Amino acid sequence: MKFFSYRLSISTICSSFLTLLGFSCSSESEVMYGMPTGSFVVKGAVTDENGNEVRNAEIRVTHPDLPSGVFYMGESTTDSKGNYEIKGYEVLSEMKVVCIPETSDLQSDSVNVKMKYKDADKHDSWDYGHADATVNFTLKSSH
C-alpha cells in the first residue's frame, strides 16, 4: 500500500509539472523555436454571381496540398458587406484560401495564392517578414 501511495504522489507531481510547462510554452503567435517566422494578412470580399455580398461565409487559409480547409492556419467569417480579413503567422510561399458559404444555395470555392514576404532581406535568416494578399470570391449558384 505504501508503494502505491508513493507512486501516486510521483505521478501527481509529474502531471502537475507537465501541465505548468504546457501553459508556460503557449503564446499568441504560436511560433516554435527553430522554425522560420513570418506574418501574413489575407483579405477580400465574397459576392454571388449577381454581385450581392455574401454574409457569414467561412474563409480559411490552409496549406495548398491539403484538402480544402483541413488543418487551417487562420479563419474568418464575412461581415454584413461580404468582407473578411485573416491574420496569421506562417511562412509558406503558397497558401490555399477556401470559401465555404453559410447556405447550400451557393457553391464553395478555393484558390491558391502566391505569398510574397516583404523585407525578408532586412531580417535574419529566420524572419521572413510580412506578406499581404487580397482574394475575392464570386460564388456560383448550386442550382
Exercise. For region 77-98, how many residues are touching a Lys or Arg at 6+ places or on another chain (Cβ under 8 Å) and buried (at least 17 other Cβ atoms within 10 Å of the Cβ)?
Worked result: 6
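Go through region 99-112 residue by residue and tally those that are in contact (Cβ under 8 Å) with a residue 24 or more places away in the chain and either closer than 18 Å to M35 by Cβ or surrounded by fewer than 17 Cβ atoms within 10 Å (Cβ to Cβ) (or both). Let's see the steps before the verdict.
Let us first name the residues in region 99-112 that are in contact (Cβ under 8 Å) with a residue 24 or more places away in the chain, namely 99-102, 104-112.
Imposing the further condition that a residue be either closer than 18 Å to M35 by Cβ or surrounded by fewer than 17 Cβ atoms within 10 Å (Cβ to Cβ) (or both) reduces the set to 102, 104-105, 107, 111-112.
Total satisfying the criteria: 6.
Coordinate-derived values only; no laboratory data. Keep in mind it's a predicted model, so treat the numbers as computed, not measured. Neighbour counts run over all protein chains shown; Cβ positions are idealised from the backbone, glycine included.
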